[in-house]
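Nothing in this text is a laboratory measurement; each read-out follows from the coordinates by a stated rule. Computed from a predicted model, the values in this text were never measured in an experiment. Here the Cβ positions follow ideal geometry from the backbone for every residue, glycine too, while neighbour counts run over all protein chains shown.
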């Protein structure tokens, strides 16, 4: 039975997972490299809870009880009593593999490991651990407190009990599970990211401006936000990483990352988190950067 959940990474995804897990009644242990990163993460969680209180979605008592359940730290020993640890760091396979190797030495034998990867092979990541049968993918959508879906992905060695417990956790978090096979980018990003990449090609080839492309998809396809705006929200470095996984993993030229996307990432124009991407966020409202 899962009672305590560990989270590696206090970024946007890690804090979102911590918030929903604590709200659902789990004890939460969240780790990152530095105390200031954890302090900033807790400030974001408090602000998110405050918005939920103001909207009447949770009570003040529920907020306070959830916050008490979250413990932070910078040492992997924090995870000694965890039943499940979710890795939620940057979409970089080398970094994830290194973390998973370090993590195993501090876990009890029965602990499960999940990765929040949006594209990387679960089988390959699980293979670096001492318990591939207890590893799987739990891909949360961003922003975690709002989005209903979690993709569950089994690696080739994942056992049925681990899969069943992961489904139970997803349900207790108030989310809905979609089961995906262990292929590059799974379901959501296999479909969504090539669409975004094609929108970047449309800009690159001069078919439309940033504003025209986003307007066309918002009004013409009833998307809640345009593909270039969405790319900025996701982070252009993440978009590029997923496209590279698709391109390398499936060996199909239709997944080739657009050169303009590569150029933006090289420039550090990573989207909203960097203050500039396809839009310039130094202005209110943001304006297209080209």
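Computed values, structure above
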| item | result |
| --- | --- |
| Kirkwood hydrodynamic radius of the chain, Cα pairs, Å | 19.8 Å |
| Expected 222 nm ellipticity per residue - DSSP helices of 4 or more, -39500 (n - 2.57), all of the chain, to 500 | -14000 deg cm²/dmol |
| Sorted by Cβ density within 10 Å, fewest first, the residues 15, 209 | 209, 15 |
| Length-normalised contact order of the range 4-180 in % [C-alpha pairs under 8 Å, at least 6 apart] | 21 percent |
| Hydrodynamic radius of the range 96-155 per Kirkwood, over alpha carbon pairs, in Å | 12.0 Å |
| Degrees separating the helix 236-250 axis from the principal Cα axis of the chain, which is the longest one | 90 degrees |
| Volume per residue that the Cα convex hull of the range 99-258 spans, once the total is divided by residue count, Å³ | 120 Å³ |
| Rg to Rh quotient for the range 188-288, alpha carbon positions, Kirkwood Rh | 0.95 |
